[in-house]
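First up is the structure itself, then whatever we jot down about it.
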Amino acid sequence: MKWALERAGEIAAFGMGEVDVSAIPPRRLAELSRYGVDGKASLLRRNRDSRRLATLLATVVYLTSRAVDDALDLLEVLIATKLPVRAEQETAKGPVIWRHTAAR
């Protein structure tokens, strides 16, 4: 979980998530991100600066959402598997009596 959150943080640190991409049609954004993820650097280098920048932006937007989705999926798995097991283990130990101690 820590690794997944660090990955999402590293990608978000690029600051591209703050760029408003709402004017770009989702299909076009998806095409550009696929080109950025799957394309070879030598082919990307041949494009105009504006196209390279648009591809970079679309790729980072895609990777940011993917990293967050991966972290949420992992959290869901941990909640579904680890927490019930831990709760069962704690329950098997017996009741826990909590005492409130006032600061003196």
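Readers should treat all values here as calculations from the given coordinates under stated rules, not as data from a laboratory. These figures come from a predicted structure and were not determined experimentally.
Straight-line reach from residue 93: which lysines have Cα under 23 Å away, leaving out those fewer than 8 places along the same chain?
Filter leaves 82.
So what J values fall out for region 60-71 if you push phi through Karplus, 6.51 cos²θ - 1.76 cosθ + 1.60 with θ = phi - 60°, rounded to Hz, Gly and Pro as x?
5, 4, 5, 5, 5, 5, 5, 5, 5, 4, 4, 5
What do you get for the angle between helix 2-12 and the principal long axis of the chain? Use alpha-carbon atoms, 0 to 90 degrees, nearest ten.
Tilt relative to the chain: about 30 degrees.
Once every Cα of region 32-75 carries one equal point scatterer and solvent is ignored, give the base-10 log of I(q)/I(0) from the Debye formula at q = 0.17 Å⁻¹, two decimals.
Debye output, listed in q order: -0.49.
With semi-axes √(5λ) of the Cα gyration tensor in Å as the read-out, I listed (i) 18, 16, 12; (ii) 46, 16, 11; (iii) 29, 15, 10; which label goes with the value calculated from this structure?
Given (i) 18, 16, 12; (ii) 46, 16, 11; (iii) 29, 15, 10, the calculated one carries the label (ii).
So what J values fall out for region 22-32 if you push phi through Karplus, 6.51 cos²θ - 1.76 cosθ + 1.60 with θ = phi - 60°, rounded to Hz, Gly and Pro as x?
Each residue of region 22-32 in turn: 5, 7, 8, x, x, 5, 5, 4, 5, 4, 5 Hz.
What is region 13-98's relative contact order, in percent, from Cα pairs under 8 angstrom and six or more apart in sequence? It would help to have the intermediate numbers written out before the result.
Working: 31 pairs, mean separation 26.7, N = 86.
That works out to 31 percent.
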